Protein chains: 2
Amino acid sequence: MAGIEDVARLAGVSTATVSRALSGKDVVSEKARQKVEEAARELGYIASHSAYTLATGRNRNIGVVMPYVDRWFFSSALEAIESTLIEHGYDLTLYNMSGGAEQRKKIFTDFLLRKRVDAVITLAVHPDEEELAQLDKMKKPIIAIGGQVHGARSLSMNDHDAGKLATEHLLSLGHTRVANISGAVKTDREFNQADKRREGYLEAMHEAGLETRKNWLVEADYTAQGAYKVAKQMLGDPKNSPTAIFANSDEMGFGAMMAAKDLGLRVPEDISVIGIDNHDMAELFGLTTIDQNVRAQGAEAARLLISVLSDPTLDSHVNVEEDVEWPVSLLIRSSTARPAVGAR
Amino acid sequence: MAGIEDVARLAGVSTATVSRALSGKDVVSEKARQKVEEAARELGYIASHSAYTLATGRNRNIGVVMPYVDRWFFSSALEAIESTLIEHGYDLTLYNMSGGAEQRKKIFTDFLLRKRVDAVITLAVHPDEEELAQLDKMKKPIIAIGGQVHGARSLSMNDHDAGKLATEHLLSLGHTRVANISGAVKTDREFNQADKRREGYLEAMHEAGLETRKNWLVEADYTAQGAYKVAKQMLGDPKNSPTAIFANSDEMGFGAMMAAKDLGLRVPEDISVIGIDNHDMAELFGLTTIDQNVRAQGAEAARLLISVLSDPTLDSHVNVEEDVEWPVSLLIRSSTARPAVGAR
DNA sequence: CTGAAAGCGCTTACAG
DNA sequence: CTGAAAGCGCTTACAG
């Protein structure tokens, strides 16, 4: 465990010169640099991170906060965030908020603020005003994915428009009996994402002059299994069954497709299904969807944050509201088509 | 950003007493403790982590290294590891090795060894001798999930036995034409997990005196999509089609089931399918599987590591080989059944 | 271009 | 039980 002293001694220079040579941020003679580099290599020197942090106040570490890590959206975004950060020499400390309010508080105060991270990325987590004020006081910039945060940077898709677009795709095919499987989980309380997607659906239906029956408006927990159950009920109803389903996520779309098939209904001949996400298995299912390119979204958020961190004038505007709308696109596969003649 | 000095001043004691009172590890008079706690609360004092680390050499941070984070096995294990660690007051720094050999080296030296972590958990990553020696020199214990590591602690299922058990389940139902979809990805080069599962399959077939045709031994990339393609080829073969498929993972099992259905084959009447994992969607698919309880496995590994770290005599045996075999169980659902009469 | 030295904010033997 | 002080291992103004 060679320290900077050892390197200095071996190279025949002071520790100051070692530090300068190795960081590359200051002027050092070529000769000194070479001696230092050789000595460092020979000793297998690796700078102590805590000493660096204590001396500079910088961590080169980003905290990432999310409500789940074992769900597709979150793990996909995390993968991209991590790759981007490591590329730029940053570490990533993961905080999973599955533990409820108490744990959340602990994370925001004890952990995040223990001066361990330089900045924070939240996924589908809405920091409240107090949390934001704390972060601001500590000069930690934050960027939110999955919804806008008053007073902070964010990157997110337009959920309302996505819901509307998905619905309009079905309407344009000639469907009039369109149902919506919305989401209803913890995540949602943070940003009302589910509500917004449904609002988009309702707006599209309304603008087309179509009715929306009560039993076309159902909810599930964003899982395939949850959606399977509600879809089966809905599709089995002899009087009210829809000819198309807009599911708030692809996983719920999978569940709806499986429910249809288990009832002997053909997709898309008897029932059309559209989701949101472009999940890894969506192609296999042939699911038409709104592609939100989650990995690119995560990478972009990480990049944004890094560029914010490297702004030397950052102190004056650590957290300012700046909302980037992430573009999505309609990806048509084989789960949607014109309704069968006579259906209705 | 109140420091320990501020607290000391407000409480009217020395910084040494503040440190003792707050850590709770040393004797402090009740009166002093109260004054300190109040002062700390009033100032919103949070100890600097880097100063703590620099002074003590401890990080309270665990590095977790894995080849993917956006695949089910890894994200599920990660979820459990993170929850367990945070419960015990540890942070988790994530290292995703998707970047190839160069990045791997960087992670093991630059990052892990930068004295940022107290210990390491690897998932389906086999540290080589040099990496292990480095870690050992730095007194960082390591625990591997997903395969045994010579000279280190590990926790993993018995892949050979799992492959055999899955196959025997099919044989016990009367199948004689059993195929295996094995895996072949980066992960595998680390531990030959796929080979071991296949060996178990081959052993079961051999012991039952059954032949294993060449086109029953196929490979895919552990994804549903990859397995779909190979399963479709196999099932469509008029002369060689099997009556049962053992897939090395549930996701590949899903792909096989979908391929069968798309060919008009019924599961399990025409074709039985068994996987390994008990993936979140396995119940929905009705897939019979070998449940390896990934989340519990991750939590157990984290717990083991924490107990290793809290052993005061640790220095003498930082990394010793200690292999824990993680138990698995056969979980029978509706994708496996006796072969149809006349099939063959 | 380089070095001596202060300082980052804690912990912990040591002495009392 | 408590405090003064050294020490953890870096970085960086300051002076030369």
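Observations on the structure shown:
- Computed lengthening from B:Glu102 to B:Ala296, 0.36 nm per intervening residue step minus Cα-Cα distance: 66.6 nm
- Max mean-square fluctuation residue, GNM over chain A, Cα-Cα springs under 10 Å, options A:Ala299, A:Ala101, A:Ala179: A:Ala101
- Remark on B:Ala220: its backbone amide H falls under 5 Å from those of B:Ser182, B:Gly183, B:Ala184, a criterion applied only to residues 5 or more positions apart or on other chains, H modelled at 1.01 Å from N.
- Distant alpha-carbon pairs in the range A:4-47 (separation over 11 angstrom), percent: 55 percent
- Size of electric dipole in the protein assembly as shown: Cβ of Lys, Arg +1 and of Asp, Glu -1, about Cα centre, debye, nearest 20: 0 debye
- At 7 Å out from Cα toward Cβ: A:Glu199 inter-copy label distances (nm, ascending): 5.9
- Taking every C-alpha pair closer than 8 Å and separated by at least 6 residues, the mean separation divided by the residue count of the range A:61-115 gives a relative contact order of 43 percent.
- Think of the range B:253-344 as a dipole: +1 on every Lys or Arg Cβ, -1 on every Asp or Glu Cβ, centred on the Cα centre; then among B:Gly253, B:Ser329, B:Leu263, B:Leu263 lies furthest on the positive end.
- Sequence of B:Leu173, B:Leu217, A:Leu54, A:Leu78 when ordered by accessible area, the most exposed leading, probe 1.4 angstrom: A:Leu54, B:Leu217, B:Leu173, A:Leu78
- Averaged over peptide A:223-229, the number of partner chain Cβ atoms lying within 10 Å of each residue's Cβ comes to 3.
- Rounded to the nearest 10 square angstrom, A:Glu30 shows an accessible area of 110 square angstrom against a 1.4 Å probe.
- Dipole magnitude of chain B, debye to nearest 20 (Cβ charges: Lys/Arg +1, Asp/Glu -1, about Cα centre): 420 debye
- Global geometry of the range A:159-293, whether rounded, prolate or oblate, following the gyration tensor of its Cα atoms and the 1.5 cut on a/c: rounded
- On the range A:19-177, 49 percent of the accessible area sits on carbon and sulfur atoms, based on a 1.4 Å probe.
- With both labels modelled 7 Å from their Cα along Cα-to-Cβ, the A:Arg303 to A:Glu87 distance reads 0.7 nm.
- Interface size, chains B and A: roughly 4800 Å² of accessible area buried, both sides included, 1.4 Å probe, rounded to the nearest 100.
- For the range B:159-293: accessible area per residue (Å², 1.4 Å): 37 Å²
- Measuring between their Cα centroids, the range A:1-77 and the range B:29-50 lie 32 Å from each other.
- Spatially, the range A:282-322 and the range B:119-165 are offset by 34 Å when compared through their Cα centroids.
- Note on surface exposure: A:Asp250, B:Asp270, B:Asp70 rank B:Asp270, B:Asp70, A:Asp250 by accessible area, highest first, 1.4 Å probe.
- Rounded to the nearest 0.05, the FRET efficiency derived from the C-beta distance between A:Asp161 and A:Arg213 at R0 = 30 Å is 0.80.
- Prolate/oblate/rounded label for the protein assembly as shown (Cα gyration tensor, a/c 1.5): oblate
- Protection proxy ranking, highest mean first, for peptides B:55-62, A:191-198, A:254-261: A:254-261, A:191-198, B:55-62, where packing is the per-residue count of other beta-carbon atoms within 10 Å, averaged.
- Value of relative contact order over chain A, rounded to a whole percent, pairs C-alpha under 8 Å and six or more apart: 17 percent
- Cβ-derived FRET efficiency at R0 41 Å, A:Ser23 paired with B:Ser14, nearest 0.05: 0.70
- Taking Cβ atoms as reference points and 12 Å as the exclusive limit, the residues near A:Ser334 contribute a net charge of -1, counting Lys and Arg as +1 and Asp and Glu as -1.
- Peptide-level mean, for B:48-57, of C-beta atoms on other protein chains within 10 Å: 6
- Virtual spin-label span in nm between B:Lys137 and B:His150, 7 Å along Cα→Cβ: 2.0 nm
The values are calculated or read from the model by the stated rules, or taken from the named source; none is laboratory data. Quantities reported herein were computed from a predicted structural model and do not represent experimental measurements. Quick reminder, even Gly has a Cβ in these numbers, built from the backbone with ideal geometry, and neighbours come from all protein chains shown. Accessible surface areas use protein heavy atoms only, side chains included; no ligands, DNA or RNA. Shrake-Rupley method; radii C 1.70, N 1.55, O 1.52, S 1.80 Å.
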